[in-house]
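Structure first, then comments.
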Amino acid sequence: MKFLSGLTFATSLAIGVNAVQNFYTDSLQSDVQNWSWGGADSTPNFAAIDLVYAGTNSIYYVSNAGSYGALSLYTSTTFGTSFNALYFAIAGADLGSKIDIHIAATADGADTSFPLSSCINDAVTTATSWTVATCDISSLPAGHTYNRISFQDKNGVGLAWHLDSIYLGLLPPKYPTYSAISVLGSQTIVLFGTGVTANITEINFYKSGSSKKQIFKYKNVKSFSDANFPRTYVDIETPFVPGNLTVVTTSANFSISIGDTLLSGKFNSSSSANYPINPDIYGMAFVPDASYASKYGVTINRWGGNDRTNYNPAIDASNSGNDWYFTNKAVSNAQKFITDTLAWGKAFYSLAALDWVSKDTISGTFPQSTYPDQQKFWQGLGNGVYSNGTSISAPDPSLVYTPWNTTLAEAFLRTLSPRPSVFAIDNEMDIAGSTHRDCHPYSTTYDEILNTRFLPYAKLIKKVFPNATVVGPSSCCWYYYWNSAAGGTDKAAQNGTDFIPWFLDSLKASEKVTGRLLDSLDIHTYPGDGVGFSLGTDDVSAATRLRLTRAFWDPTYVDESWFGKDGKYVSNQPLPDTAMYIPRFRKLIADHYPGTKFGIGEWSYGTSGEAHFSGGLANADTLGIFGRERLDWATYWTSPSDGSYGAAGFWLFRGNASYPFPSYANQISFDSNPDSNYVGIYAGTTKSNGFGYPAVVVVNKHLTNSVLLKINDKNNAFDAGVFVARHFGGNGGAGLGSVEIKIVGGVVVVPAKSALLIRKLY
């Protein structure tokens with residue numbers, strides 16, 4: 001038996017007893033039930049003695065491979081948001097990126113998840129020693145009665161772990177004193193924490209290549225007492241130059257390097273460098289509420305995805321498809337979604353276009369009672385695959401579904417008031433034979449996608465709402481931009497033409513008869529063709545995630561997915577090993593159906609990235625690219641958790657501040673172009689002629705190097721003046737910082753692993 005002292009953890013239980021809701025100490029508490037699933041025989045063991053953190057017992061759980069099992073605890077003592085921390089001790093081999101923690105409310109289905117790694121500062125867990133976890137749950141959406149905590153094997157690989165001392169409580173003060181520093185702009189230092197500036201005893205600086213110490217005075221102290229992100233800004237007396245800065249305080253010394261990477265340039269005054277940025281690029285899906293939309297500057301809210309393909313508006317039911325055991329379920333009301341969204345932005349609705357919608361909220365296609373020999377189960381429903389790996393033939397769809405057609409769709413559309421302004425024809429019809437094979441048990445063809453799905457429903461939408469924007473074909477991924485699921489024979493029947501060019505040609509030809517039915521081409525893309533979903537939070541994964549943004553624009557970037565090697569075998573396109581999504585599809589539109597807009601209906605770098613600095617920087621970098629490359633619209637999948645790095649990337653450009661990134665793009669001509677693997681720089685201005693107040697976003701992807709950027713424009717607008725600075729990342733974590741600062745000599749310093757917006761005020 002192995003015991004660890006765990007003084008801090010165990011003591012917090014004892015001291016905080018009046019502010020704690022306990023789930024497990026030596027045994028499940030009387031109000032807690034075991035709702036686990038997918039465990040091996042005899043697990044969970046709630047009285048394990050082989051490895052104990054505190055007391056005499058712990059929990060031991062083993063998930064079966066393929067079961068996506070979870071140790072799940074239900075409590076009859078519901079909790080809201082009065083607690084802001086989940087505490088526990090865990091032991092198991094390298095679990096950080098392999099376990100997701102879910103906090104759910106069974107009454108209304110609310111479920112918030114986050115990776116274990118976010119609770120243990122990316123520490124590597126082991127099977128023979130305990131790691132103490134502190135999960136910040138302060139951003140749990142309010143208004144729900146939470147009553148379930150689950151620890152899930154997220155990839156279904158089969159894992160074993162111990163848990164002990166599980167309880168809800170309160171976070172300690174985040175910064176008992178200054179905990180870190182950063183630099184900002186030309187001469188501003190940021191101190192993170194709740195210390196007072198009187199604690200600063202000295203600010204010294206060593207210029208690069210010099211051993212002579214300079215001592216700086218500071219002034220213009222601005223403190224912000226935000227409980228989640230306390231910070232103080234101070235200005236030194238001289239602008240930054242490359243070197244090493246140290247702030248000496250009564251509690252600790254903090255050092256930071258400045259200008260490891262040097263860049264310089266000036267604004268491009270040509271008219272070709274100055275054009276509007278479409279605000280519709282800042283969209284998401286299933287935005288929680290108006291407050292979230294305002295905080296992060298969201299402009300479009302999309303209703304769509306695999307689990308809305310079978311939406312039945314008569315009963316607010318849909319089916320999860322292959323994503324989750326082909327189960328019917330209750331979903332939110334579409335009209336309420338549209339009405340709520342229109343109070344703050346544009347509503348984007350994906351209209352069901354298959355032949356079936358859910359008939360209830362409880363049925364499933366492959367019940368265990370009918371098909372007992374399946375790979376895995378959830379609440380009596382199977383995944384539709386026999387234990388030997390072969391798929392079960394789809395039964396009669398009417399067991400789970402009810403028919404759907406354009407007549408029913410028209411009746412539904414005519415009830416909508418208010419209505420959405422943007423419609424998609426369902427979601428990823430190219431893979432319906434997989435994601436919804438229980439009600440569509442065959443591969444989609446070119447002809448089906450266009451003539452059976454898109455055209456009838458697009459005509460219907462234009463009939464009911466003539467001014468609506470219709471987008472399509474909402475293809476899921478690289479292979480299906482160029483091919484159908486029916487394969488080579490189907491493509492040969494269309495003279496070997498790649499799918500999207502054929503789709504555009506066909507709609508251009510039909511316009512003479514039907515009028516324009518396609519207003520915008522829509523693709524879904526996860527850069528690296530989904531590589532981001534398999535990345536962790538280590539430095540190699542972070543660097544990869546930050547390179548993937550180049551796929552949106554760069555013709556020299558060879559993709560890091562399968563088609564970077566084999567793209568030539570699946571399309572007739574030039575540069576088949578590079579994605580360059582935006583310029584590629586712009587060119588296809590110009591060649592095949594001019595006047596069509598272009599948008600990206602789904603994009604992201606995976607949920608693990610949202611909780612990591614690299615995900616936030618990748619999002620910020622991508623939004624900068626969207627504006628620079630003149631994308632017409634985009635909706636992220638889905639909405640990053642409030643307070644996450646992923647959400648911070650949106651806030652940087654559009655969040656609830658008086659001075660977001662401007663509405664017009666500009667460009668900087670660099671003396672030496674920055675390496676896009678490490679730096680993204682995006683310029684804007686408040687006027688269409690290029691001579692309004694300028695702004696610059698700098699995304700520093702370096703893991704260790706700071707960037708010193710010197711900017712000039714025609715009017716030397718960056719040489720002096722008052723600016724607003726917005727920042728996140730680096731030593732400030734996912735905290736959102738905004739402050740007025742001065743810029744001197746056009747110098748802007750951005751620390752490693754951080755992003756900064758500088759916009760001139762006057």
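The values are calculated or read from the model by the stated rules, or taken from the named source; none is laboratory data. Keep in mind the model is a prediction, meaning the values are calculated, not measured. Cβ sites come from the backbone with ideal geometry, for glycine too, and all protein chains shown count toward neighbours. These accessible areas exclude ligands, DNA and RNA; they are computed on the full protein's heavy atoms, side chains included. Shrake-Rupley method; radii C 1.70, N 1.55, O 1.52, S 1.80 Å.
Region 204-238 and region 559-605 have their alpha-carbon centroids 46 Å apart. Maximal additional length on extending the Lys217-Val558 stretch stands at 117.9 nm, based on 0.36 nm per residue less the C-alpha distance. Counting Cα-Cα pairs of region 634-762 in 10 Å increments starting at 0 gives whole-percent bin shares of 12, 44, 36, 8, 0. Think of region 350-455 as a dipole: +1 on every Lys or Arg Cβ, -1 on every Asp or Glu Cβ, centred on the Cα centre; then among Ser350, Thr370, Asn405, Ser350 lies furthest on the positive end. Computed with a 1.4 Å probe over protein heavy atoms only, the accessible area of Lys212 comes to about 150 Å².
Taking packing as the residue-averaged number of other Cβ atoms within 10 angstrom, the listed peptides 327-335, 408-416, 507-515 run from highest to lowest as 327-335, 408-416, 507-515. Please list, ordered by chain and number, the residues whose modelled amide H lies under 5 Å from the amide H of Ala180; skip anything fewer than 5 residues away on the same chain. Counting only residues 5 or more places away or on other chains, the set is Phe192. Other residues within the sphere of radius under 12 Å centred on the Cβ of His612, judged by their own Cβ, net out at -2 (K and R +1, D and E -1). For region 727-739, backbone phi angles converted through the Karplus equation (6.51, -1.76, 1.60; θ = phi - 60°) give residue-by-residue couplings of 8, 8, x, x, 6, x, x, 8, x, 9, x, 9, 7 Hz, Gly and Pro being listed as x. Rolling a 1.4 Å probe over the heavy atoms of the protein chains gives the chain an accessible area of 38 Å² per residue. When Thr188, Thr445, Thr78 are compared by accessible area of protein heavy atoms, the largest-first order is Thr78, Thr445, Thr188, using a 1.4 Å probe. Each residue, Ala65 and Arg630, gets one label point 7 Å from its Cα in the Cβ direction; the gap between the two is 5.2 nm. Between Glu410 and Leu342, the modelled labels are 2.2 nm apart [label points 7 Å from Cα along Cα→Cβ]. Each residue, Leu703 and Thr638, gets one label point 7 Å from its Cα in the Cβ direction; the gap between the two is 3.2 nm.
Counting only protein heavy atoms and a probe of 1.4 Å, the accessible surface of the chain is 51% carbon and sulfur. The simple Förster model, with R0 at 35 Å and r as the Cβ-Cβ distance, assigns Lys587 and Asp671 a FRET efficiency of 0.70. Database remark: amide H of Ser754 closer than 5 angstrom to the amide H of Asn700, Gly730 (H placed geometrically; neighbours at sequence offset of 5 or more, or on other chains; Pro and chain starts carry no H). Judged by the mean number of other Cβ atoms found within 10 Å, the most tightly packed of the peptides 601-607, 97-103, 315-321, 152-158 leads the ranking 601-607, 315-321, 97-103, 152-158.
Every helix of 4 or more DSSP H residues in the chain counts as -39500 (n - 2.57), and over all residues that averages to -4500 deg cm²/dmol at 222 nm.
For the pair Ala314 and Thr81, a Förster radius of 30 Å applied to the C-beta separation gives a FRET efficiency near 0.30, rounded to the nearest 0.05.
Dipole size of the chain about its Cα centre, with +1 on Lys/Arg Cβ and -1 on Asp/Glu Cβ: approximately 2460 debye, rounded to the nearest 20. From the Cα gyration tensor of region 379-499, with a ≥ b ≥ c the square roots of its eigenvalues, which class applies: rounded if a/c is under 1.5, or else prolate if a/b is larger than b/c, or else oblate? It comes out oblate by the Cα gyration axes.
Relative to the current alpha-carbon distance between Asn656 and Asp538, full extension at 0.36 nm per residue lengthens the span by 39.3 nm.
Note on Lys462: aspartates and glutamates with a C-alpha under 17 Å away, same-chain residues under 8 apart excluded, are Glu410, Asp426, Glu511, Asp519. With 0.36 nm allotted per residue and the present C-alpha distance subtracted, the Ser113-Thr238 stretch has 40.4 nm of extension available. Backbone phi angles across region 348-355, fed through the Karplus curve with coefficients 6.51, -1.76 and 1.60 (θ = phi - 60°), yield HN-Hα couplings of 10, 10, 9, 8, 4, 9, 7, 8 Hz in residue order; Gly and Pro are listed as x. The calculated FRET efficiency for Thr56 paired with Asp122, based on their beta-carbon distance and R0 = 22 Å, is about 0.10.
Beta bridges per DSSP, both residues in the chain: antiparallel share near 80 percent.
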